[in-house]
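Student: Just passing along the structure, written as structure tokens.
Just so it is clear, none of the values below were taken in a lab; they were calculated from the coordinates. Bear in mind the structure is a predicted one, so any value in this text is a computation, not a measurement. Cβ sites come from the backbone with ideal geometry, for glycine too, and all protein chains shown count toward neighbours.
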Amino acid sequence: MSYLDDLFGLSGKVAIVTGGGQGIGQVVAVGLARAGAEIYILNRSQADETLQLIAAAGGKAHFIATDVTEEASVDAAMAQILAQSGAIDIVFNNAGICIHEDSLATSIEDFRRVIDVNLTGEFIVARAAGRIMLERGIAGSIINMASMSGSIVNIPQWQCSYNASKAAVIHMTRSLAAEWAEARIRVNSISPGYIATPMSVDTPQALKDAWMPLIPMHRMGKPEELIPAILYLASDASGYTSGSDVIVDGAYTCV
């Protein structure tokens, strides 16, 4: 085994990726698989493309239809993972949505939907996995998807519900990290900036033109550029790192 494999390798680990059917979730799922983890994609819709990409990379992956906002659905998925693989070592809590809308025009139903998926859904998954880790003595790693939007207010688009949800994810992460530290369960978050996924690439050009001057690197990030940070948080290399929010944003939040 090489030095880097020893530090960052995930051989023998079982990893959950929520929202792994496309975008960041898909890219990270493939990256975790290439590092040796057995992957479970928890998604509302099918994730055939992700499974095929992992298989082509020589990895092992499974799909379980799951609604992260429904506790019974998440609990059933966790039970299936334990029955098939016997452990849950890593969670990449990635499922999320965003609605760009002025606050005065946002319906309460839309606001609650964003909070339900981005915050409550992440809590449901983190708590279900954390309970299993606690009961089985697993020194696990839970990585919550936050955003630079949890630390700054994006302009010129308005997305109060999304920003509020991601700020809450960051503090929820710290709270769980402190609560579960003695059980050797590490909880961290990652906060990407503007990443070139299908969702952001399809954004109106006027918005992208407004963003670029505000990013010191003057470009959007690639989903693959998140993998190293997530591998660090998922692996034993980050054994003394918990409650951290890792910002990967091209220096956007520095200015």
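Student: Where the centre of each part is set by its Cα atoms, how far does the range 184-235 sit from the range 106-128, in angstrom?
Tutor: With the range 184-235 and the range 106-128 each reduced to a Cα centre, they are spaced 21 Å.
Student: Which residue, A206, A37, A229, has the most motion in a Gaussian network model of the chain that connects Cα atoms within less than 10 Å?
Tutor: Ranking A206, A37, A229 by mean-square fluctuation puts A206 first.
Student: Can you compute the helix-only [θ] at 222 nm over the chain? Use -39500 (n - 2.57) per DSSP H run of at least 4 residues, normalise by all residues, nearest 500 deg cm²/dmol.
Tutor: Rounded to the nearest 500, the figure is -12500 deg cm²/dmol.
Student: Where is the GNM fluctuation largest for the chain (alpha-carbon springs, 10 angstrom cutoff): G239, G23, G86?
Tutor: Evaluated over the chain, the most mobile residue of the options is G86.
Student: Determine the relative contact order of the chain: mean sequence separation of Cα pairs under 8 Å and six or more apart, normalised by residue count, in whole percent.
Tutor: With pairs under 8 Å counted, the relative contact order is 19 percent.
Student: I would also like to ask the following. Over the range 39-89, what is the relative contact order in whole percent, taking alpha-carbon pairs under 8 Å and six or more residues apart?
Tutor: 34
Student: Which residues' amide hydrogens lie under 5 Å from the amide hydrogen of T66, considering only partners 5 or more residues apart or on another chain, with H built in the peptide plane?
Tutor: Long-range HN contacts for T66: N43, R44.
Student: Using the count of nearby Cβ atoms within 10 Å as a rough guide to exposure, how do K166, K13, K60, K222 rank from fewest to most?
Tutor: K222, K60, K13, K166
Student: Among the lysines, which have Cα under 30 Å from the Cα of K13 when same-chain residues fewer than 8 positions away are ignored?
Tutor: Of all the lysines, those that pass the test against K13 - Cα under 30 Å, at least 8 places apart if same chain - are K60, K166, K222.
Student: Efficiency by 1/(1 + (r/R0)^6): what FRET value for I155 and R44, r their Cβ-Cβ distance, R0 = 22 Å, to the nearest 0.05?
Tutor: My answer for the efficiency is 0.10.
Student: With r defined as the distance between the Cβ atoms of L4 and L104 and R0 fixed at 51 Å, what FRET efficiency is calculated, to the nearest 0.05?
Tutor: Once the sixth-power term is evaluated, E becomes 0.50.
Student: When the chain is fully extended, how far beyond the present Cα-Cα distance does C254 get from A196, taking 0.36 nm per residue of separation?
Tutor: Extra length available between C254 and A196 comes to 18.9 nm.
Student: Taking the C-alpha atoms of the chain, how large are the radius of gyration and the largest Cα-Cα span, Dmax, in Å?
Tutor: Rg then Dmax for the chain, in Å: 17.5, 57.
Student: Follow-up question, since we're still on this one. Need the full-extension length gain, A181 to E135, defined as separation in residues times 0.36 nm minus the C-alpha distance. One decimal, nm.
Tutor: Full-extension gain reported as 15.1 nm.
Student: First measure r as the distance between the Cβ atoms of R34 and R113, then evaluate 1/(1 + (r/R0)^6) with R0 = 35 Å and state the FRET efficiency to the nearest 0.05.
Tutor: 0.55
Student: Pick from R174, R136, R186: which is most flexible by mean-square fluctuation in a GNM of the chain where alpha carbon atoms under 10 Å apart are linked?
Tutor: Highest fluctuation among the options: R136.
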